[in-house]
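Below: the structure, in structure tokens.
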Amino acid sequence: MAALALAVLVSTSTHAAQGFKWWQSDTYKKELGLTAEQARRIEEIFQKAMPTLKDQKSTLDQAEEKFEKLVERGDDKDVMEQVNLVEAARADLNKSRTLMLLGMRKVLTRDQWAKFTALHQASQNPPVTKPERTK
């Protein structure tokens, strides 16, 4: 169950990073029974985390750009050093994002979290329709 919760948190972060604020979505608000106070608190958590996330994303982007340049030059020693910097920047960003999402999770009740998990999984795995067979 903990692994599922982490997977939902991490994949939810992708939506948040792309601008999908699920706590402002009419569908999510209705399905979860999200109160105005809960939505306000989640937005507050999001806004508080954004400056750090933006800075860390910029740091990661710069590290990846430098990595690409080093790869093109072919200096293995410098590339390996830069790999460490890229992965450290990625870890910092992921940790901050996960802590933000954990804070959001704590705003929800257990029932709301269960519903959220189901909604999120349904949005990630839309039903597969079988093609009609022709005779």
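Summary table
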| read-out | value |
| --- | --- |
| Spans of helices (runs of 4 or more DSSP H) in the stretch 1-76 with at least 1 residues at pLDDT 95 or above and open to solvent by 50 Å² or more (accessible area, probe 1.4 Å) | 26-32, 36-73 |
| Any hit, the stretch 90-113, residues being loosely packed, with under 13 Cβ neighbours inside 10 Å, more than 21 Å from Ile42 (Cα to Cα) and within 17 Å of the chain's Cα centre (by Cα) | yes |
| The stretch 32-66, residues that are β-branched (Val, Ile, Thr) and over 25 Å from Val107 (Cα atoms) | Thr59 |
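The values are calculated or read from the model by the stated rules, or taken from the named source; none is laboratory data. What you are looking at is a predicted structure, and each value in this text was computed from that prediction instead of being measured. Don't worry about glycine lacking a Cβ; one is built from the backbone with ideal geometry, like all the others, and counts go over all protein chains shown. Only protein heavy atoms, including side chains, enter the accessible area calculation; ligands, DNA and RNA are left aside. Shrake-Rupley method; radii C 1.70, N 1.55, O 1.52, S 1.80 Å.
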